[in-house]
Amino acid sequence: MWRRLFSNRKATISRARPLVATRPGARVPAPDSDSAPPVLSLIEIGDRFHRFVLGLPAAESSEPSAAELATLKRLELLSTRFDMRSLPRLPTVLPQLLRTLKNDNAAGAELAKLVGRDPLMVGEVMRVTSSVFYRSAQPITSLQQAVVLLGQDGLRRVLTQHVMKPILQANAGALGHAAGERLWDHAERCAHACAWLGRSSGCDAFEAYLAGIICHTGTGAVVRLLDQLMPADAETEAAPLSSGFLSACSQLAARLSLQASQHWELPARVIEAMTECQSPATPAGSALGRTLAVADTLAIAQLLGEHDRLAADLDLSHSWPDILAPPLLARCQQDLRRQFPVESKRI
């Protein structure tokens with residue numbers, strides 16, 4: 001069954017009718033006629049996302065089988081032994097750098113001095129500022145010039161991507177290369193949406209961006225654990241994994257994401273938001289927690305739309321009326337479509 005888990009088969013989704021999203025736990029109305037569109041809940045959107053990340057076909061069952069329940073027990077056991085130190089390291093200077101970046105008056109020389117303590121950070125900053133997007137009239141000859149050119153907002157994003165992209169891609173394991181790429185694609189979209197929505201929710205822009213980047217770190221860890229469970233000589237086909245099994249894996253992944261954020265000593269509000277995401281059925285209490293929960297789903301819908309797993313114009317603006325105003329969510333979805341068009345690179 002684990003060979004099937006990492007197979008390249010893709011689930012096909014009918015595009016004949018538009019998709020309508022409902023809130024988790026909401027009653028799905030019965031269609032009045034054959035012309036009524038099918039209703040797709042946010043829970044089902046999440047299920048399709050995990051199937052896309054893992055290359056799984058559509059589910060044939062919602063309840064876990066006996067074999068899946070046994071596998072879940074093994075996953076739980078492995079997760080309790082998962083060594084967070086096995087994750088790619090965070091630069092030792094990163095916490096101090098993040099604190100300095102929260103000060104809008106931080107001098108370029110001070111930031112350059114901190115970045116200069118990590119050779120990999122230096123290389124990434126210089127590479128980005130040498131790109132066509134940042135190319136200036138005069139060549140960049142010093143790290144301080146590069147830092148000033150990026151600005152604080154640009155530097156935050158460069159450092160976050162430099163730190164987190166290798167973690168999401170490498171943490172998925174050798175057999176989960178495609179999963180790592182897809183998780184990074186989601187992370188970029190989620191970070192963008194979280195920062196965009198955070199401006200209207202009173203969130204710190206960088207903390208919102210960081211929360212969006214790391215929210216599925218544990219999913220890569222779960223893929224890595226499944227990699228360990230998969231027999232190397234598995235050749236037999238098995239029934240597609242149930243929705244219940246993937247839901248349990250998702251809950252485990254959320255727990256590992258929280259543990260990773262605590263291990264890295266990320267900002268307190270980011271850890272609080274990650275903690276609140278442990279119980280998706282319970283509304284988050286903090287502004288960042290609520291924003292992250294919404295941004296995660298908007299990013300999932302955007303990514304699935306790019307890969308024909310959902311309607312590209314799926315409207316989720318009315319899915320969280322008690323959290324964010326529909327017009328704001330509609331504008332966020334429009335912004336995501338502009339930033340990440342359907343024609344973007346597909347895996």
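Quick note: the coordinates plus some simple rules give every number you see, no bench work behind them. Just so it is clear, the structure is predicted and the values come from calculations on it, not from any experiment. FYI the Cβ positions are ideal-geometry reconstructions off the backbone, even for glycines, and counts take in every protein chain you see.
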Report task. Starting from the Cα-Cα distance between residue 141 and residue 337, subtract it from 0.36 nm times their residue separation and give me the gain in nm to one decimal. Result -> 66.9 nm
Report summary line: Computed for region 193-343: size of charge dipole around the Cα centre, +1 on C-beta of each Lys and Arg, -1 on C-beta of each Asp and Glu, debye to nearest 20, value 440 debye
**Report entry** Stokes-Einstein D (µm²/s) once Rh is taken as the Kirkwood radius of region 239-347 over alpha-carbon pairs, at 10 °C in 1.306 mPa s
**Finding:** 102 µm²/s
